[in-house]
1. Mind checking which pairs have a first residue in region 38-67 that is over 22 Å from residue 7 (Cβ atoms) and open to solvent by 80 Å² or more (accessible area, probe 1.4 Å) and a second that is modelled with pLDDT of 95 or more and of a type in the set (Lys, Arg), Cβ under 8 Å, 6 or more apart or different chains?
2. Within region 21-37, how many residues turn out to be loosely packed, with under 13 Cβ neighbours inside 10 Å and in contact (Cβ under 8 Å) with a residue 24 or more places away in the chain?
3. Quick check on residue 21: is it out of contact with any helix residue (DSSP H, G or I) (no Cβ under 8 Å at 6 or more places or on another chain), of a type outside the set (Asp, Glu), modelled with pLDDT of 95 or more and assigned to a loop (DSSP other than H, G, I, E, B)?
4. Only residues that are open to solvent by 40 Å² or more (accessible area, probe 1.4 Å) and either assigned to a strand (DSSP E or B) or in contact with a strand residue (DSSP E or B) (Cβ under 6 Å, 6 or more places away or on another chain) (or both): list them for region 1-13, please.
Amino acid sequence: MKVHIDGDRCQGHTLCAMIAPEIFELSDIDGHASPVSEDVPAGFEDKVREASRSCPEQAISVSERISSGTE
């Protein structure tokens with residue numbers, strides 16, 4: 001899973017960082033969020049999905065990794 005934040009849409013509500021502080025960090029300058037890493041670590045997928053659904057500005061996009069079945 002990968003996560004991205006649209007910096008133009010983010011208004012710094014901080015909900016994502018409250019839901020998944022391990023994944024999202026807030027700028028000391030303007031309070032806007034950014035992912036610590038684009039790649040979401042195993043076990044944090046549900047928190048990232050919840051953060052995406054909770055974002056008032058819909059600034060968080062999540063792309064699910066599709067398994068090829070050969071792993």
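1. 65/2
2. 0
3. Details: out of contact with any helix residue (DSSP H, G or I) (no Cβ under 8 Å at 6 or more places or on another chain): yes; of a type outside the set (Asp, Glu): yes; modelled with pLDDT of 95 or more: yes; assigned to a loop (DSSP other than H, G, I, E, B): yes.
Spelling it out, residue 21 is indeed out of contact with any helix residue (DSSP H, G or I) (no Cβ under 8 Å at 6 or more places or on another chain), of a type outside the set (Asp, Glu), modelled with pLDDT of 95 or more and assigned to a loop (DSSP other than H, G, I, E, B).
4. Quick first cut of region 1-13, residues open to solvent by 40 Å² or more (accessible area, probe 1.4 Å) only: 2, 4, 6-9, 11, 13.
2, 4 - these are the residues of region 1-13 that are open to solvent by 40 Å² or more (accessible area, probe 1.4 Å) and either assigned to a strand (DSSP E or B) or in contact with a strand residue (DSSP E or B) (Cβ under 6 Å, 6 or more places away or on another chain) (or both).
The values are calculated or read from the model by the stated rules, or taken from the named source; none is laboratory data. Remember, predicted model here, so these are calculated numbers, not experimental data. Methodologically, a virtual Cβ is constructed for each residue, glycine included, from the backbone with ideal geometry; neighbour enumeration extends over all protein chains shown. With ligands, DNA and RNA removed, areas are computed over all heavy atoms of the protein, side chains included. Shrake-Rupley method; radii C 1.70, N 1.55, O 1.52, S 1.80 Å.
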